[in-house]
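Worksheet for the structure shown next.
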Amino acid sequence: MLYLSPTESVSLADAETIGSGAQGIVIGRPGDRQYCIKRFRRVSPEQDRRVDGLLRLSPVDWRGTTDYHVAWPKWPLTDQTGRIRAVGLRRIDGVSLHALFDPAQRGVAFDRPTWALNLRVALSIARLFVDLHRINVVVGDVSASNLLVERSGRVVLIDCDSVQFTDPLTGEWFAADHLTPEYAPPESLRAWAGGPLDVLPAAHDRFGLAALVCQLLMEGDHPFEGVPADAGDDGVEGNIRAGRCRLFSPERFVPIAGALTELLLPPVIRTLARRAFIDGHGDPGRRPTAAEWAAGLSEAYGSLMGCRFNRSHLYHDGFVVCVWCHRRDSGLGDHYPGGAGAEETGEPVSVAEPAESAEPAARVMPRNLTTPQVKRWRTV
């Protein structure tokens, strides 16, 4: 039995487990589709102060937008001694961000998905980070597992009780207590010993944000994923530490037949990614801010072109042919199947107001990855 107040109890006898993580389990109450409860695995006086501080911070009152939402704790639930054992949260019906990385999962989770959906979700994540960084909240544990996407495309950040923040009333600082190595920058990986982290700058989150954006736009391929050509395989974490980025140094990796290249990314996104992963490897301050990512993604959204053969095929205007049709015809599968010609059914609805585009880049012809390269073509 838990308590909302000394006289108001909450029974969890018929509750169902709807989620589980390192910090606790998420419980749904029968008949309540609006709210759920996160019960902590460990409790302590510090945890009580952390929850109290979170409840005093502004995201608890955020209503969110049509694009994103923060699943911030709404109220505490205590045991008979007054120790905080759980928090109430708004219940979210969504799928993990991972569903957008895979064509099969994507087709089930969303109605007629296109590459524009991935771009729009990336833009929503960037805007979410802008709002959090504005109030000096650092996510810390940036991860695709901590982001849900509703069928409408709205992004939701979960597990918010583990973020780094300062209590606005007491001034007490609380550390982020976990990170996901695949989305952590090299300087954080070197400093992390498995427990609570030291003070993290916003540049920590900027690396993870860049990785998420690229992964969304590269069909789930992590920018640091791959087997090094001249070193042992230490996984994504090892590549991040060494600064081996497949996007900009593909020659440092064992080749993968049919792999997408950085040319799939709109030029503005390639520029931001290079700053995040190459320039920012030794100088975290050079990584683009969340606001810069939001501006770049909005510009990229405005560069989208539709395929005249399949309205589900969208790509940036640097290509002279549809990149998705080209990959399908090359035997590499249809990433976005279905859809009649755009001239018959109209273009997919634009969600974001795109920024004014810069001077258009030279267009790119994708080559058939199963045949020799023609020198005048660039590869995708």
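Since every read-out is calculated from the coordinates, none of them should be taken as a lab result. In this text the structure is predicted, and so the values were computed from the model without any measurement. In this analysis, Cβ positions are derived from the backbone assuming ideal geometry, glycine residues included, and neighbour counts consider all displayed protein chains.
For ASP317, the residues whose modelled amide H falls within less than 5 Å of its own, excluding neighbours fewer than 5 places apart on the same chain, are MET305.
Within a Cβ distance under 12 Å of GLY53, other residues only, what is the Lys/Arg minus Asp/Glu net charge? Provide the component values of the computation, followed by the final result.
Values: positive: ARG49, ARG50, ARG56; negative: GLU46, ASP48, ASP52, ASP161, ASP167, GLU172.
Within the 12 Å Cβ shell, the charges total -3.
In loop segments of segment 1-66 as defined by DSSP, the trypsin sites (Lys or Arg not before Pro) with at most 10 further C-beta atoms inside 10 Å of their C-beta are ARG33, ARG41, ARG42, ARG63. As a rough footprinting exposure proxy, the listed residues HIS98, HIS69 were ranked by other beta carbons within 10 Å of their own, and the order from fewest upward is HIS98, HIS69.
Going by how many other beta carbons lie within 10 Å of each one, how would you line up TRP192, TRP173, fewest first? In order of increasing Cβ crowding within 10 Å: TRP173, TRP192. Under the convention that each Lys and Arg Cβ holds +1 and each Asp and Glu Cβ holds -1, the size of the dipole of segment 4-58 around its Cα centre is about 220 debye. When the chain is treated as a GNM with alpha-carbon contacts under 10 Å, the residue of VAL199, VAL138, VAL51 showing the greatest mean-square fluctuation is VAL199. GNM remark for the chain: springs join alpha carbons under 10 Å apart, and the peak mean-square fluctuation among ASN239, ASN118, ASN136 falls on ASN136. For ARG91, nonlocal amide neighbours, meaning residues 5 or more places apart or on other chains whose placed amide H falls under 5 Å from its own, are TYR35, CYS36.
Suppose every Lys and Arg Cβ carries +1 and every Asp and Glu Cβ carries -1, with no other charges. What dipole size does the chain come out with about its Cα centre, to the nearest 20 debye? Walk me through the numbers before you get to the answer.
On the way: 42 positive and 47 negative charges, 80 e Å.
In debye, rounded to 20, the chain gives about 380.
The distance separating the Cα centre of segment 131-159 from that of segment 276-327 comes to 21 Å. At R0 = 30 Å, how high is the FRET efficiency between ARG83 and ARG63 if r is their beta carbon distance? Nearest 0.05 is fine. E(calc), rounded to 0.05, equals 0.50. Note down the relative contact order for segment 111-304 as a percent, whole number, built from C-alpha pairs under 8 angstrom at least six residues apart. Here the relative contact order equals 22 percent.
Which order results if ILE269, ILE125 are arranged by neighbouring Cβ count within 10 Å, fewest first?
On the way: ILE269 24, ILE125 28.
In increasing order of surrounding Cβ atoms, one gets ILE269, ILE125.
Among the listed values (i) 20.0, 62; (ii) 21.5, 69; (iii) 22.2, 77, the one computed from these coordinates for Rg and Dmax of the Cα atoms in Å is (iii).
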